[in-house]
Structure formats: structure tokens, C-alpha cells
Amino acid sequence: MIHTSHLSKIYKNDAVETIALSDASFEIKKGEFVAIMGPSGSGKSTLMHIIGALDTPTSGTYALDGEEVGKLSEDELADIRNRKIGFVFQSYNLLPRTTALKNIMLPMVYAGLPKEERIKRASDLLEMVGLSDRRSHTSSQLSGGQQQRVAIARSLANNPSIILADEPTGNLATVQGEEIMAIFQNLNKKGHTIIMITHEPYIAQYAKRIIYLKDGKLVKDESNHRQKKVRF
Amino acid sequence: MDFSETLQSALEALTLNKLRTTLATLGVVIGIGAVIALVSLGQSGQKAVEAQIKSLGSNLLTVIPGALRPGDIRSAAGTSTTLKLADAKAILADKSISGIKNVSAEILRRSQVVAGRNNTNTQVLGVLSSYQEVRNLQMQSGRFITETDINSLAKVAVLGPQAASDLFGDVNPVGQTIRINKLSFRIVGVTVAKGASGFQNQDDIIFIPLTTAQKQLFGVDFIGTISIQLEKQELSDQVRNQVGFLLLARHRISDPQNADFTIFSQADVLGAAAQVTGIFTTLLSGIAAISLLVGGIGIMNIMFVTVTERTREIGLRKALGAKKKWIIIQFLTESALLTIVGGILGILLGTVLSFVVSKIINLPFTVSMISIILAVGVSGGIGIIFGWYPAQKAANLSPIEALRYE
Ligand SMILES: Nc1ncnc2c1ncn2[C@@H]1O[C@H](COP(=O)(O)OP(=O)(O)O)[C@@H](O)[C@H]1O
Ligand SMILES: [Mg+2]
């Protein structure tokens, strides 16, 4: 469902050119659980933003479900971000001063869901990530792990087929990290495609496939035959 | 999202950041309130001056000694001694001038007036009996100065209501005695308040016979003003010319350029006053415009200060699937709401302010419609434009650029 060929991203700041991504070509099929690994600054987030239709490549093409994303209008891109993709940011990116429930409801607002349905679905998602008792807490009243779980619940708001998570466990303790992996494996079992960035090898072990990036280049792409399973 | 939901979410967003909302609203309120109050007060002042001039008596021509030509030094007018009682009598007696109802002559000085233990410095006006009709004066008690008083140089006085209460308090002054510059005068009447309001008190005055004033009190043979009451206001220009030529002949002046007197109508006074109050109103409007600008800059500032946070918010909303259109609608609704609330509060503030101030300085209360439209238009425009503009800019960034904005 994801098909990229020769993706490159070059940032130009003043006279300085940074090649963040260089000639990346790969394919990801429906139902995969992929971990993207690589040292800091290797272009993982850049790649993820392009896959998430949040940013455009400098060159190369990216097709999602057979549609070339570069040729879509702004509004069509907004629709894809809204319905097909759930994005979990490295820094959570919750709306400040806004309750957990309302944060989760936001993508549903833009999908045009009626209010009662939004509240019901958001409550269900909060329950799924184990935060039912925190529905009226604002972002600043939640711990890092709780904010991360709200962000995951929000990424699932419109039941997207693809979930993109940028270092979802980066700021969390090991136990919390495992809780998040449990959520992802569960979602993957239900048919969601999951792409997750991590720089921690033990987290990558929960994925079925691992792609390695270095200096913006795709250096290794292999199946993980010894996928670690979380017990539920 | 339908309209009510857009409105609701805008309200929510505004309550989320109370400080920003309060400050921006304050900018709108102060800008609008100041403009409405200042412009309204300016207009009230203008109206008060006009009312006062009209209350002097309508259809009036006034002759004063001295020239009042453009370019001349103004103080020359009114200080010379060229006008005599005989001039006033000649004007009334001249049968070739038609349209004159009555003529009065006056002389005005400030004097020290004593009544028992009370002492005041007030205006003493020497008048003819015709003054009452010419100036449309009503009596509260007693009578006005009569022809007999004039002819006999009687030492009688009529008090204006303010002078009466200053000198006698609640006691009826009629029959009492006052001393003006050590001369005793018997009080024969008190006039009714000439009403109006204002800058110069027309009720704080003492009337005495013109002849007494000239010969016994001030020791002069000239007069200060001649007041000519017309039958119709339309005759003003014609009578002014005829009186002018009569006085020129009496003063043996052949060239009207050298006239040693000035005639002006009520329209002239109104015109001059309108010019002065116009300047006054322009000045207030200038101050108002500055407050509008300051309020506007306040709104701009607060909108721009929060731009970073809001740009990130817009990036996030776009990342979660908001279309540009929705972002713009949301921000426009927010700033429109803020402007409407601020506008209503501002109109209230301006109205209350001009009401209170006009009561304090005793002016008629008016609210200027133009100032409301102008103030709401400008402040509202600024509020909406500067709420919308950063949003529009942020909405054009890619979600990632907007999320990274700092
Ligand atoms: N907006 C930007 N402007 C300039 N350089 C950038 C920008 N975003 C990322 N980069 C650079 O691109 C490279 C890849 O960044 P990123 O994709 O965030 O790496 P990773 O997520 O793997 O740590 C880095 O060298 C980074 O400094
Ligand atoms: Mg990164």
C-alpha cells in the first residue's frame, strides 16, 4: 500500500544544504509492522513526515494505495491525513489547555462525525489506552506516558489503516514502553499497518520488519524472524 | 462542522486563553469607548454653544464700537468710545429704516457689589427699558427697569437669579438695598433664569438704568453695545446696511472702510462660534483617532504575540486533517466574536463615559452615531484582520513547517 521510489529531501537554510533523505525506495504492504531504525539525524523523522503526507519530498515519488501523493491537492492531502493515517508525534503534540477527550475528538471533528458519536468513540479509545479516569485532564495535567497514550488514542480516532509513530517510547520508561508495544501489536493483529521509528533495538524487536537508515540512506531492510510478543 | 458548532468551538478557544482574550478585547473596548466618548462630548459642546447663542434672543443685530475687520487686531473692537446713546435713539427714530422692532443700548462693567454682609464681584449692566423685550427677559418677581427710571436717573437695580441668590440667599431681594461702588441701589425686581447652560453665566448679572450707570456710576458718556431687535430674521442684511450708513453719516465718515463701529448678526456669532467649536471637535477627534490607533496597536500586538503558539496549533490541526478553509473560518469566527463582544462593551463604555462627563460639566448628552460607526469599523477591522492574517499565513505552511515554527 506504500510505494516509494528515489525519495530525497534536501533542506536549504541560507547557503547550507542538508541532505536529510537520499534516494530511498521501498514498499510496505498492508498489515505489516515495520520499525525504522538509525542514529539520530539519519532522516527517520523526515521519511516519516513524507509517508504521513505532512511534508513533500524534494524529488522522487510516493504512492499511497496506488495514488501518487505529490499530485494531490491540499484538501485531498488533508483528507488522507484525516482518514487513512494516524500520526503519533515524537513530542506528542497535544493541544494545550485542552482535555484528553477533546484532543482525541479533534480528528473526528474534521471528519464530520456527529458530536454524540465523537464522544462515544473518544471514550472507547481512552478506555483502550487505559485512561478512562483522565478524560477531563488537560495535557499539562498528564504524565509523559499518559500524554503519549492520549496521542496514540488520537491517532486511532478515525480508525486509519496506517499508524505512523515517531519514537513513541522515546521519552518513556521500559515498562511504559512495553505497554505501548502491547497496544501496537494488538492493533496490528486487527489489521492496522504500523510503522514505528525507534533507536532502541529492544523496541524494534516487537516489529516484524526492520528498516535501517544512515545519513539519509536506506542501508538495510530485513524481516525480524524473532518478533518479540507481548502477553496480554 | 455547522455554524453553531463553529461558534461553540470559537468560544471554547477564546476561553482557553483568557489572558490573550481579555487583552485583545480590552484593546477593542478602549479604542471604541474613547472614540465614542470624545466625539460625542465634542458634539455636545458644539450644541451647547449654539443653544447658548440662540438663547441671547433671536433676530438680533448687535452694534459695537470699533472696527472688526478681517486682519485687524480684535481688541480694537469693543474698547473704543465712539458709540453714544444718541446713536441708538437715532436708529430707532429713523423712519426710513423698516423692519426694526426695538432698540436697546447697554454698557457693561464688572463691579464690587455689597448687600449687608455679602460681597460679590459681578457684572453690572446699564440698560434701557427696551432691553427686557429685546432680550426676551422674564421677571421672577418685581419689575424691570422703566422709562421713568431712565429719565430720572433712578438708583434702582434688577438682579439676575444667580446674583440674587449670591447676595440674598433665600430672602426675596425686592425692596432691599445693595451698594455698587458705594452707591446705594434699591432692588425692584429679579429676572427668571435665562436657562441654558454653559460657559458664561448669563444669570450672574445686575441691571441698572443706563443713564445712572453712565453718569453716576462709571462717569462715561459712551455705550458698549446697541442691540437691534428685528421683525424678521430675513431683514438682517437690509437693516444692517441701513443702520451702517446711518451711523457712518452720524459719525461723519465717508468711507465705510473706516467705520468706527461693527455690526454683527446672530448668524455671524453662530458662525464664529461654530468655527471655534469645530476646531474643538476636530481636536477631540484627533485625540480619539490616536486612542483608536493605540487600541488597534494593542490588538495587533496581542494577536502577534500569540502567533507562535497559534501557528503550532494550526500545524497540528492541519496534520490531523483540518482543511485550510476550516482553519480560516475558525480564526475568523474567533476574532469576529472577540470584536463583537469588545465592540458592544466599547459602545457601552463610550456612552456611559460621555453621559457621566456631560452631566458633570453640564452639557446636553448626545451619542454620536458617526463615531460609533467609525470606531466599530476601525477597531473591528483591525481585530478581524490581525486575527485572520497570521492564521492565513500559518495555514499556508505545510503542517510540519507550522509545527516547527518558533
Ligand atoms: N527543517 C529543517 N531544516 C534544516 N534541516 C533539517 C530540518 N529538519 C531536519 N533537518 C536535518 O535533516 C537531518 C535529518 O533529520 P531527522 O529526519 O529529524 O532525523 P532523525 O529523526 O533521524 O533524528 C538532520 O541532519 C537534521 O538536522
Ligand atoms: Mg526524529
Efficiency of FRET between residue B:267 and residue B:170 - r from beta-carbon atoms, R0 30 angstrom, step 0.05: 0.15
Please list, or write none, the aspartates and glutamates whose alpha carbon is within less than 12 Å of the alpha carbon of residue A:217, excluding same-chain residues fewer than 8 places away. A:23
Aspartates and glutamates near residue A:102 by alpha-carbon distance under 17 Å, same-chain residues fewer than 8 away left out - which ones? A:116, A:117, A:124, A:127, A:133, B:5, B:12, B:313
Check cross-link reach from residue B:359 to the lysines: straight Cα distance under 28 Å, and skip same-chain residues fewer than eight apart. B:47, B:54, B:194
Residue-by-residue Karplus 3J(HN,Hα) for the stretch A:180-186, coefficients 6.51, -1.76, 1.60, Hz, glycine and proline x: 5, 5, 4, 4, 5, 5, 5
Can you list which of the DSSP-assigned H helices in chain B have a Cα extent of 24 Å or more along the long axis and an average Kyte-Doolittle score of at least 1.0? B:266-305, B:324-360, B:369-395
Strictly greater than 30 Å: what percent of every Cα pair in the stretch B:67-259 meets that? 25
Output wanted: per-residue J couplings in Hz (rounded whole) for the stretch B:137-143, from phi through Karplus 6.51 cos²θ - 1.76 cosθ + 1.60, θ = phi - 60°, x for Gly and Pro. 8, 9, 9, 8, 7, x, 9
Using amide H atoms built in the peptide plane, which far-off residues or other-chain residues are under 5 Å from residue B:261 H to H? B:66
For the protein assembly as shown, state the average projected area of the convex hull of the C-alpha atoms over all orientations, rounded to one decimal in nm². 44.5
Give me the distance between the Cα centres of the stretch A:55-108 and the stretch B:229-261, rounded to whole Å. 90
Counting only other chains, and only Cβ atoms inside 10 Å, what mean value do you get across the residues of B:320-330? 6
Global geometry of the stretch A:42-96, whether rounded, prolate or oblate, following the gyration tensor of its Cα atoms and the 1.5 cut on a/c: oblate
Nearest 10 degrees, 0 to 90: what angle lies between the long axis of helix A:144-155 and the longest principal axis of chain A (Cα atoms)? 80
Could you compute the net charge surrounding residue A:214? Neighbours are other residues with a C-beta less than 11 Å from the C-beta of residue A:214; K and R count +1, D and E count -1. +2
Restricting the count to DSSP beta bridges whose residues both fall in the protein assembly as shown, what percent are antiparallel, rounded to a multiple of 5? 70
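Throughout, read-outs are computed from the coordinates displayed, never taken from laboratory work. In this text, all values refer to a predicted model and were calculated from it rather than measured experimentally. Glycine also receives a Cβ, built like all others from the backbone with ideal geometry; neighbour counts cover every protein chain displayed.
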